[in-house]
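Comments concern the structure below.
The values are calculated or read from the model by the stated rules, or taken from the named source; none is laboratory data. Everything numeric in this text was worked out from a predicted model, so none of it was measured. So basically every Cβ, Gly included, is an ideal-geometry build from the backbone, and we count neighbours across all protein chains shown.
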Amino acid sequence: MSRLRRTAAAAALLLALPLSVATAVPALAAPSPGRPAPVTVTVADAAPATTPVELPRPTGPFAVGLDVLHLVDEDRPDPWVPSAGPRQLMVSMYYPAHPGTGSPAPYMTPEAARLLLDAKVPGNHLPTEALTGTRTWARADARPQGGHYPLIVLSPGFTAPRTELTGLAEDLTSRGYVVALVDHTYENSGTTFPDGTTLPCTVCGTLHDDKAWAGLDASRAKDVSFVLDRLTDRPHPAWRYARLIDRDRIGMAGHSAGGAATVPALLTDDRIKAGADLDGSLDYAVPDSGIGGKPYLMLGRALDGPEDKSWTDAWARLDGWRRWITFHGANHLSFTDLMLFSEKFGLPTPPGSTMSAQRGVELTRAYVAAFFDLQLKGIDQPLLDGPTPANPEVTFHS
């Protein structure tokens with residue numbers, strides 16, 4: 001089965017860029033049947049940034065607070081490194097906050113940044129500060145606003161740290177959501193824990209067939225359900241501001257493999273009411289019986305050639321509210337922060353990539369927020385009714 005919406009290692013910084021081979025970086029995952037071959041990166045083509053990247057300003061009325069949680073699932077051994085003991089996850093919790101409280105939140109830890117750059121561009125000219133100096137809009141330990149807000153769980157792409165969806169998390173929070181952004185340990189370039197240990201990607205390069213990719217998606221669904229267990233536990237939730245969460249309004253979205261994981265999550269966890277896939281091949285197939293009538297958004301780039309069969313199969317089986325929307329001129333990273341870095345560093349983009357990083361961010365934010373505003377808040381969203389002259393890059397499939 002063709003899988004066109006996720007190259008073998010395209011979900012991390014610099015890996016979706018078709019550069020010439022000079023001093024090349026080997027991709028972290030080998031190609032498998034039906035998937036494009038991994039691409040390489042030329043170090044000489046990477047220009048150091050002169051100023052830090054600034055994430056686009058959130059568009060909603062709320063200031064953004066940030067807490068970071070370390071969660072341990074004592075009932076589940078780590079699926080990739082059983083000898084490590086129980087499954088451990090790091091989760092960034094974004095919440096509506098009072099303006100002017102808290103302190104500036106860092107984008108990522110220095111060690112995680114170093115591992116990300118070293119994994120993708122060994123010997124490169126990019127200093128760690130090119131990532132750690134990123135300007136975010138969240139404030140650590142900010143004072144929370146009152147009220148109850150829908151919760152959205154975000155899952156990043158395979159090999160990508162959770163920080164690739166920071167901009168989306170901040171924007172959703174500014175619009176009145178609590179957001180749980182999950183790092184899936186051993187599945188990305190590096191996850192830093194409170195003791196300072198940063199664990200690398202162990203599963204990278206080991207997924208060679210559809211069954212293995214589906215297993216990854218199912219494992220992520222278990223991660224998400226565990227996170228929900230700990231956030232909604234009564235009387236002792238894992239998060240100090242758990243009172244902000246409206247337990248009856250929970251959604252999930254993800255990029256690439258994180259988007260694919262929404263299918264098993266929706267099928268196995270009744271608490272999750274709606275799901276959105278951002279350019280991820282659906283390795284875990286939607287069953288003939290559908291997904292229980294739950295709303296589903298498929299948001300991806302326009303492909304040059306045949307459509308991803310996993311998407312056409314899923315579209316026919318979805319049994320609730322559904323939209324299939326594509327962005328012309330986008331590439332696999334246009335739905336994340338990573339294109340902002342690629343553009344800043346002067347790296348070439350894949351053929352057909354005509355959409356600026358800023359425009360990719362704008363469109364992704366707009367359509368993801370519209371989906372959850374409609375499905376979790378019940379607010380009518382004309383943006384989701386069909387094409388609009390304001391967004392000529394956007395196509396609705398039927």
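Here Arg365 qualifies as touching a residue at least 40 places away in the same chain (Cβ under 8 Å) and basic (Lys, Arg).
Just to verify a result, which residue in the stretch 118-152, among those that are free of Cβ contacts under 8 Å to residues at least 40 places away in the same chain and either closer than 21 Å to Met93 by Cα or among the aliphatic types (A, V, I, L, M) (or both), is surrounded by the fewest Cβ atoms within 10 Å (Cβ to Cβ)?
Checking each candidate, the answer is Gly146.
Within the stretch 176-211, being among the acidic types (Asp, Glu) and surrounded by fewer than 18 Cβ atoms within 10 Å (Cβ to Cβ) holds for Asp195, Asp209.
Residues are listed down the side, and each one gets a yes or a no for (1) small (Gly, Ala, Ser); (2) touching a helix residue (DSSP H, G or I) at 6+ places or on another chain (Cβ under 7 Å); (3) under 23 Å from Ile325 (Cβ atoms):
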residue	(1), (2), (3)
Val227	no, no, no
Ala260	yes, yes, yes
Ile272	no, yes, yes
Leu278	no, yes, yes
Asp288	no, yes, no
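Here is the figure for the stretch 158-209: residues that are assigned to a loop (DSSP other than H, G, I, E, B) and of a type in the set (Ser, Thr, Tyr) total 7. When the residues of the stretch 331-366 are filtered to those that are among the β-branched types (Val, Ile, Thr) and under 24 Å from Gly133 (Cβ atoms), the one that is surrounded by the most Cβ atoms within 10 Å (Cβ to Cβ) is Thr336. Screening the candidates Thr326, Thr336, Thr349 for the property of being farther than 20 Å from Ala276 by Cα and either β-branched (Val, Ile, Thr) or assigned to a loop (DSSP other than H, G, I, E, B) (or both) yields one hit, Thr349.
Taking the stretch 356-398 as the search range and keeping residues that are outside any helix (DSSP H, G or I), touching a helix residue (DSSP H, G or I) at 6+ places or on another chain (Cβ under 8 Å) and of a type in the set (A, V, I, L, M, F, W, C), which one is farthest from Trp315 (Cα to Cα)? Among them, the one singled out is Ile379.
For the stretch 153-187, filtered to residues that are modelled with pLDDT of 95 or more and of a type in the set (S, T, N, Q), the residue that is farthest from Ser92 (Cα to Cα) is Ser174.
Under 24 Å from Leu66 (Cα atoms), touching a Pro at 6+ places or on another chain (Cβ under 6 Å), among the hydroxyl-bearing types (Ser, Thr, Tyr) and at pLDDT 95 or above, is that true of Tyr241? So Tyr241 passes the test.
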